[in-house]
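Take a look at the structure set out below.
Bear in mind these aren't lab numbers, they're just calculated from the coordinates by the rules spelled out. Not measured: the values here are computed from a predicted model.
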């Protein structure tokens with residue numbers, strides 16, 4: 001358990017499904033870990049037996065969030081996510097969404113965070129095509145790395161002026 005390669009994740013997921021285990025896939029950037037991430041992962045794990053988490057690579061984060069992100073590199077983020085008690089396996093992926101990962105892993109459940117609605121999940125049609133149920137976990141978005149960065153900059157600027 002822990003951080004593994006994408007190829008190993010596919011192999012492990014197949015073996016677990018053959019044992020009758022329910023597989024859940026969650027994904028995200030997980031740049032500066034916060035309460036929203038923890039609730040999302042905890043609720044995702046409750047959907048099945050084994051939680052796999054696909055963590056965006058540095059290159060995919062830059063495509064999604066811009067050149068100043070990520071704050072923490074992919075290996076740091078992967079280690080942190082794989083250390084959370086509800087996460088069974090974590091691995092990196094290069095794409096900007098998990099459509100290809102869904103096709104490869106073929107989970108029973110695809111968990112997305114509270115910043116999505118069932119209608120706005122970009123991978124919903126792919127999930128449906130493989131029989132995976134898309135679930136919104138973590139309720140409404142509680143925080144974001146962008147909010148945390150803004151808060152730090154605001155605090156720093158206030159402190160700097162004094």
Would you mind estimating how fast the chain diffuses translationally, via Stokes-Einstein at 25 °C and 0.890 mPa s with the Kirkwood radius over Cα pairs, in µm²/s?
-> 152
How far is helix 35-45 tilted, in degrees, relative to the longest principal axis of the Cα atoms in the chain, given as a value from 0 to 90 rounded to the nearest 10?
-> 0
Angle in degrees between helix 6-18 and the longest Cα principal axis of the chain, rounded to the nearest 10 = 40
How much mean residue ellipticity at 222 nm does the chain get from its helices, if each DSSP H run of length 4 or more adds -39500 (n - 2.57) and you divide by all residues, to the nearest 500 deg cm²/dmol?
-> -13000 deg cm²/dmol
Would you mind telling me which residue in 48, 113, 28 has the biggest mean-square fluctuation in a Gaussian network model of the chain, where springs connect alpha carbons within a distance under 10 angstrom?
-> 48
